[in-house]
């Protein structure tokens, strides 16, 4: 049989400092990966899971209670007014949508860039994307005065004979967010099919066999199936990459296509996309750093992974910092008194506290990640990721509220203060997000087992001086 | 349901990807046509070794994307220009510029749906019952083992000779796979 | 543990797809039929305090619409007759009829008869009766053959798409001003468009299609 294989070219071993570090530590084999990852979804829920789940579920209940109170009483229960017509609702929306960008970045863009290390974190990041988009989708709906009419946003024939008005970026947003949710859901689910089959084949009870069997759709791992499957995944990644860029560009059009100083800027689309990737990567780190320890996944999500995500965070944070600087420059350079006022009001007006906190969290604190020691310290990266989450929320708050609260008419100037309902809804949405994520790691394969096994097998072959065979499924 | 079980084929188990890849080359050389390899992850180059053609999923995605783009443009034109033109902000009733975001999103949406549906249809999935899934040893096909099946439907299939042929390959184990009823759905 | 799915489950995907398609079509059709004003509003016929018959008054007695709905040519509101208008005749005709007791009470106390409103445009819609009547839109188009009703009912959907039908193609509905109150007026359908176009041209009638035409 050896005669059938072409003789591999013998490449000289790279020097030690250039050698690719292993994706999986401690020479863990494929069976160990299946057992470890499936085990998280198979055993009894550990105590830390309940300790995290119960408060999250409580916050989710708070979220629904706040929404019920809002819908039954009216928008007046929030702190917004005629001047600040968009406040926490849209801040939360943009914040969650931004969080929802890391999953596709990791799964699609890093996939196309052939970064095999993404396999350890892609599944959890995709799930996080979905849950963040669910949280995001709540806010535009409930901020409508009449949320029950939200279906008017979709082109559904109705007795009023009216259609959505497609000259408005708000209708583009409806299409962008819905498409993003559906495509992310399909990408996530299709990627999970082989792993669901693993869970099915390991199942010991009839109920688990039935549920995972239904979800796995009868996947057998046939090479004939893998061929179409790999092509479909590649194309989904190819489609998701422009999609993820378009979604936050279109979200930024909600602001940039208006005429308000502080919003009407051509820099907004790239600036928003960078910010989205920044916040999404931070949220991935916030979730995965504790989970790798709690689930004992240090050999799969290695320090190297955290290190690399830290580098992405640093790059995205620097882009966001650059955008802050350019915002200032654009305002000054425009010579428009309104633009200059909008910027100065941001930095030195009543919301200066938000602006400078945002700047410290988003532009300055990630610079620590230049240090290898910081990137490799779990505690430091975790704290930085929390700072970035806070900073990115504040960024949206600064963009939205400081641009609105100083109207062209000084008589309508106002200062937005959140009410308890505002705060409860934000905390509740965080609870909903965590609840969904905890359910996900409890019941579904949280690491892309099949992908990581394949990537490890290939990188293992490479480490032994065995180049990739030509051709290949994913070509 | 209670019809006598029929032989679905012979199942050979392999420990490594290299072994199953080498075996696949041998099976193909031997001239079998109804056979398949099962692996927990896609093995590079194995589809070439099996003589499989490129997957046509891409064409479906292209068609889906083109349809989505056209549908988006047509929808915006129909709703805002044709069926109920409403003047808003001095903008034209229709322009490809403001229809583009919608058309783009729909192109992505339809393309992605086409990718998933084409993948499922070409693979004949979902297919919850399969003789292999009734075989206990086959459970490791989604874990760490590699399998090669030559089906009894193959014109060259001969119960004993095929078994001996598989045993001559570098495999761990060979066994029969049975299926209920006379023919498969 | 081997697979738990019996062989017949392999036929399920197609069945499920077909079932979903049928269910989706049924839901869409059901929503379109049962959840639009054509169903939810047409046919609404509450029991009124007085069993007033338009058929008797208009068909048999030949009364004009404007005798009771006096504001229809001048106001946004067609107007309902007060009790004194009824009593012009009914102090002699059916003077002691128990069915007319609420009208007599109203006459004495001054409190209006508690008619139940049937046709109701939403607060955010500005509808002007006179603007329509004086341009040749008949009562018929929105209220149906009210001259033949024993009891008044909601005859047309009065949804926005219903309004738009006429605002987009007034020529299909406009009639000569002297035929507006003649609900039985019949013109040759072939001639209607030609005649209607002429009426629209001579009257310079361009019904608004913009939002602010009706939502002010």
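The values are calculated or read from the model by the stated rules, or taken from the named source; none is laboratory data. Quick caveat: nothing in here was measured; it's all calculated off a predicted structure. Don't worry about glycine lacking a Cβ; one is built from the backbone with ideal geometry, like all the others, and counts go over all protein chains shown.
A few comments on the model shown:
- Selected residue (only one of A:91, A:60, A:30 is touching a residue at least 24 places away in the same chain (Cβ under 8 Å), surrounded by 16 or more Cβ atoms within 10 Å (Cβ to Cβ) and within 14 Å of chain B (Cβ to nearest Cβ)): A:30
- Test: residue in the range A:289-309 that is surrounded by 16 or more Cβ atoms within 10 Å (Cβ to Cβ), out of contact with any strand residue (DSSP E or B) (no Cβ under 9 Å at 6 or more places or on another chain) and within 21 Å of residue A:269 (Cα to Cα): no
- Residue check for residue A:279: within 13 Å of another protein chain (Cβ to nearest Cβ) and in contact with a helix residue (DSSP H, G or I) (Cβ under 8 Å, 6 or more places away or on another chain): no
- Matching residues, the range A:266-288, being farther than 24 Å from residue A:130 by Cβ and buried (at least 21 other Cβ atoms within 10 Å of the Cβ): A:268, A:271
- Spans of helices (runs of 4 or more DSSP H) in the range B:34-142 with at least 3 residues touching a residue at least 12 places away in the same chain (Cβ under 8 Å): B:57-76, B:96-122
- Check on residue B:135, within 17 Å of the chain's Cα centre (by Cα) and under 29 Å from residue C:13 (Cβ atoms): no
- Restricting the range A:444-475 to residues that are more than 9 Å from chain B (Cβ to nearest Cβ) and modelled with pLDDT of 90 or more, the residue that is nearest to residue A:234 (Cα to Cα): A:448
- Residue A:223 vs. criteria modelled with pLDDT of 95 or more and within 30 Å of residue B:44 (Cα to Cα): no
- Lone qualifier among A:80, A:130 - being closer than 16 Å to residue A:188 by Cβ, surrounded by 20 or more Cβ atoms within 10 Å (Cβ to Cβ) and either touching a helix residue (DSSP H, G or I) at 6+ places or on another chain (Cβ under 7 Å) or in contact (Cβ under 8 Å) with a residue 24 or more places away in the chain (or both): A:130
- First in the range B:7-22 and facing chain A (nearest Cβ under 9 Å), second anywhere and surrounded by fewer than 21 Cβ atoms within 10 Å (Cβ to Cβ), Cβ under 6 Å, 6 or more apart: B:19/B:170; B:22/A:1; B:22/A:4
- Single residue of A:244, A:273 found to be in a helix (DSSP H, G or I), modelled with pLDDT under 95 and within 12 Å of another protein chain (Cβ to nearest Cβ): A:244
- When every residue of the range A:161-182 is checked against the conditions, none turns out to be more than 30 Å from residue A:250 (Cα to Cα) and either more than 7 Å from every other protein chain (Cβ to nearest Cβ) or crowded, with 18+ Cβ neighbours inside 10 Å (or both).
- Test for residue C:27: is it part of a helix (DSSP H, G or I) and assigned by TED's automatic domain parsing to the domain that holds residue C:148: no
- Leading residue by the ranking (surrounded by the most Cβ atoms within 10 Å (Cβ to Cβ)) among those in the range A:215-229 that are at the interface with chain B (Cβ under 7 Å from one of its Cβ atoms) and in a helix (DSSP H, G or I): A:226
- Residue within the range B:162-179 that is assigned to a loop (DSSP other than H, G, I, E, B) and free of Cβ contacts under 8 Å to residues at least 12 places away in the same chain present: no
- Residue in the range C:73-81 that is part of a loop (DSSP other than H, G, I, E, B) and farther than 28 Å from residue C:156 by Cα present: no
- Subset tally (residues that are part of a strand (DSSP E or B) and either within 27 Å of residue C:14 (Cβ to Cβ) or not assigned by TED's automatic domain parsing to the domain that holds residue B:22 (or both)) for the range B:143-161: 2
- Just one of the numbered conditions (1) touching a strand residue (DSSP E or B) at 6+ places or on another chain (Cβ under 8 Å); (2) surrounded by fewer than 20 Cβ atoms within 10 Å (Cβ to Cβ); (3) more than 10 Å from chain A (Cβ to nearest Cβ) is not true of residue B:156: (1).
- The numbered conditions (1) more than 9 Å from every other protein chain (Cβ to nearest Cβ); (2) surrounded by 14 or more Cβ atoms within 10 Å (Cβ to Cβ); (3) over 21 Å from the mean Cα position of the chain (by Cα) are all true for residue B:30 except (2).
- Restricting the search to helices (runs of 4 or more DSSP H) fully inside the range C:99-202 and requiring at least 1 residues that are farther than 18 Å from residue C:213 by Cα, touching a helix residue (DSSP H, G or I) at 6+ places or on another chain (Cβ under 8 Å) and modelled with pLDDT under 90 gives C:189-202.
Conditions tested, residue by residue: (1) more than 7 Å from chain B (Cβ to nearest Cβ); (2) surrounded by fewer than 22 Cβ atoms within 10 Å (Cβ to Cβ).
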residue: A:198; (1), (2): no, no
residue: A:206; (1), (2): yes, yes
residue: A:212; (1), (2): yes, no
residue: A:231; (1), (2): no, no
residue: A:234; (1), (2): yes, yes
residue: A:239; (1), (2): no, no
residue: A:259; (1), (2): yes, yes
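- Contact map, the range A:242-255: residues that are over 16 Å from residue A:99 (Cβ atoms) paired with residues that are outside any helix (DSSP H, G or I), Cβ distance under 6 Å, separation 6+ or inter-chain. Pairs shown: A:255/A:263.
- Hits in the range B:136-152 - residues which are at the interface with another protein chain (Cβ under 7 Å from one of its Cβ atoms) and surrounded by fewer than 22 Cβ atoms within 10 Å (Cβ to Cβ): B:136, B:139, B:143, B:144
- Failed criterion for residue B:126 (all others in (1) under 22 Å from residue B:56 (Cα atoms); (2) surrounded by fewer than 22 Cβ atoms within 10 Å (Cβ to Cβ); (3) more than 7 Å from chain A (Cβ to nearest Cβ) hold): (3)
- Number of positions in the range B:10-45 that are touching a helix residue (DSSP H, G or I) at 6+ places or on another chain (Cβ under 6 Å) and under 20 Å from residue A:29 (Cβ atoms): 7
- Against the numbered list (1) at pLDDT 95 or above; (2) closer than 23 Å to residue B:144 by Cβ, residue A:440 comes up short only at (2).
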